[in-house]
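All remarks here apply to the structure that follows.
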Amino acid sequence: MPELPEVEVICQGLLPHLMHRTIIDVRCSGKQLRTPVDCEELQRELNEKQIVNLTRRAKYLVLKTDNGATLVIHLGMTGNMGIFDAESATKKHDHVCWLLDNNTELRFNDTRRFGAVRLFTANNAAKEEKKFFSAIGPEPFSRACSVAYLMQRAAHRKQAIKSFIMDSHVVAGIGNIYANETLFHSRIHPERPASSLSSKEWKRLLTIMRKTLKHAIKCGGSTINDFVNASGEGGYFQMNFRIYGKAGEACSCCGLVISKKTIGGRASFFCEKCQPKLEGSSR
DNA sequence: CAAGTTACCTGACGGC
DNA sequence: TGCCGTCAGGTAACTT
């Protein structure tokens, strides 16, 4: 399940294969993704155009072409992107394919079709892109994502801290897995009201969130190193999670059985002892 | 307006 | 064997 680290690794992996390549043609499965895919528009806007940039913002990949168009891709839950030989057989759930000028093809595969491929056309791409991303919170690594910012946003909010840090309007890129991991390592109970965290706790949470994401990117970078004809084969890199999915197992820190509870409609894992519900560390 | 709930989608898995 | 229910999860629209 692609969260910020996975998208970052995919972005870095694809960049050398896409930079300065020219798109020859676009093909679509015809299936609707999260938003409808207009294949004719994609062709009209991208055919014969050169790729000049590929970046990540939140969990989105942002691809730009030399005519000023912007392609925004979200991998949803099961989405993946890879470079393939143009002659190779497509797989089930390949929904959008971009044929490139070196006989390779960029393919978007998404089993559950929670992903999205959106195009901002050259005539208004800058404006539309700005509007699209303006609602999304700052990148966790950015200066804007400070303890002061987070505390200000959390003020008077009774929402569970876990739901709060998963809210993309607050901070970009934190999904269920990294929310669970971050809170465990920060020793903060996921149900603590967002407004109840002290500045000391916010500082610890932010530091650990960044550290956890960075570590995952580093692991992913070494795991996935071949984006040609390989992407999508092995799924996403498996981090050695300490808490996510470990209900019933012993806490790696204190040995207590790990709890599982639905918070904000999402499976949540935590250690009652290491993540006390009352403010203050158990250390 | 905050916060909780549901829809979207397919495949894996467990129970019978 | 196969059928059915449940679960997984990001995002936006919806309800409370």
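Coordinate-derived values only; no laboratory data. Nothing here was measured: the structure is a model prediction, and the numbers come from that model. Every residue, glycine as well, gets a Cβ built from its backbone with ideal geometry; the counts of neighbours run over all protein chains shown.
The Cβ shell under 12 Å around residue A:38 holds other residues with a net charge of -1, Lys and Arg each +1, Asp and Glu each -1.
Given the -39500 (n - 2.57) contribution per DSSP H run of 4+ residues, what per-residue ellipticity at 222 nm results for chain A, rounded to the nearest 500 deg cm²/dmol? The helix contribution divided over chain A gives -9000 deg cm²/dmol. Over all other residues within a Cβ to Cβ distance under 12 Å of residue A:101, the charged ones net out to -1, with Lys and Arg as +1 and Asp and Glu as -1. Rounded to the nearest 20 debye, the dipole size of chain A about its Cα centre is 1700 debye, using +1 on the Cβ of Lys and Arg and -1 on the Cβ of Asp and Glu. Restricting the calculation to Cα atoms, segment A:4-134 shows an Rg/Rh of 0.92 when the hydrodynamic-style radius is the Kirkwood one. Ordered by the count of other Cβ atoms within 10 Å of each Cβ, fewest first, A:202, A:98 give A:202, A:98. Applying 1/(1 + (r/R0)^6) with R0 = 25 Å to the Cβ-Cβ distance of residue A:103 and residue A:135 gives a FRET efficiency near 0.05. Only lysines eight or more places from residue A:211 in sequence, or on another chain, were considered; those with a Cα closer than 22 Å are A:59, A:162, A:200, A:203, A:246. The spacing between segment A:79-118 and segment A:190-205, judged by their C-alpha centroids, is 41 Å. Put in line by how crowded their Cβ is, counting other Cβ atoms within 10 Å and starting with the fewest, A:29, A:198, A:252 read A:198, A:252, A:29. When A:61, A:15 are arranged by Cβ crowding within 10 Å, least crowded first, meaning fewest neighbours, the order is A:15, A:61.
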